[in-house]
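The values are calculated or read from the model by the stated rules, or taken from the named source; none is laboratory data. Not measured: the values here are computed from a predicted model. For neighbour counting, all protein chains shown are included, and Cβ atoms are generated from backbone atoms with ideal geometry for every residue, glycine included. These area figures cover heavy atoms from the full protein model, side chains too; ligands, DNA and RNA do not enter into them. Shrake-Rupley method; radii C 1.70, N 1.55, O 1.52, S 1.80 Å.
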Amino acid sequence: MLIAIPSDSPGGLDAAISEHFGHAAAFTIVSVDDGQVGEIEVMENGGHEQGGCMAPVMLLKEKGVETLLAGGIGGRPLAGFQQVGIAVHSSAS
């Protein structure tokens, strides 16, 4: 399973989780299989320039992400993740 974590800086698992999904500087992508952490990759967040709120949603979908762990997330990107089948868990829920 691939899990994405939006962060305030591109520091991987050492970076602080972004409290606002749309302002995340990067996404830490973590592969988890049978409860074991595998490969970890950091991807820069391209932002909202083209595609609005759906641009980062589609970036993570194309990467194969299945779950997003976020500090906070707005209604539009949340609906986008639900539309493409990515589970979202946030500190607000």
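Nearest 5 is fine: what % of DSSP beta bridges in the chain come out antiparallel, could you say?
Around 70 percent of the beta bridges assigned by DSSP in the chain are antiparallel ones.
So what's the angle, to the nearest 10 degrees on a 0 to 90 scale, between helix 54-63 and the longest Cα principal axis of the chain?
That works out to roughly 30 degrees.
Can you compute the FRET efficiency between ALA16 and GLN83 using 1/(1 + (r/R0)^6), with r the Cβ-Cβ distance and R0 = 22 Å? Round to the nearest 0.05.
Using R0 = 22 Å, I get an efficiency of 0.20.
Using the Kirkwood radius over C-alpha pairs as Rh, can you work out the diffusion coefficient of the chain via Stokes-Einstein at 20 °C, viscosity 1.002 mPa s, in µm² per second?
Translational diffusion coefficient: 166 µm²/s.
So, for segment 5-73, what is the accessible surface per residue at a probe of 1.4 Å, expressed in square angstrom?
Heavy-atom accessible area per residue stands at 53 Å².
Give me the net charge for the shell around THR28: Cβ to Cβ below 10 angstrom, other residues only, Lys and Arg +1, Asp and Glu -1.
Counting the neighbours of THR28, the net charge comes to -2.
Just subtract the alpha-carbon distance of GLU44 and SER9 from 0.36 nm times their residue separation and send over the number in nm, one decimal.
So the extension gain works out to 11.7 nm.
Given a cut-off of under 8 Å on Cα pairs at least six residues apart, what relative contact order in percent is computed for segment 14-93?
29 percent
Given a 1.4 Å probe and every protein chain left where it sits, what share in percent of the accessible area of the chain is carbon and sulfur?
52 percent
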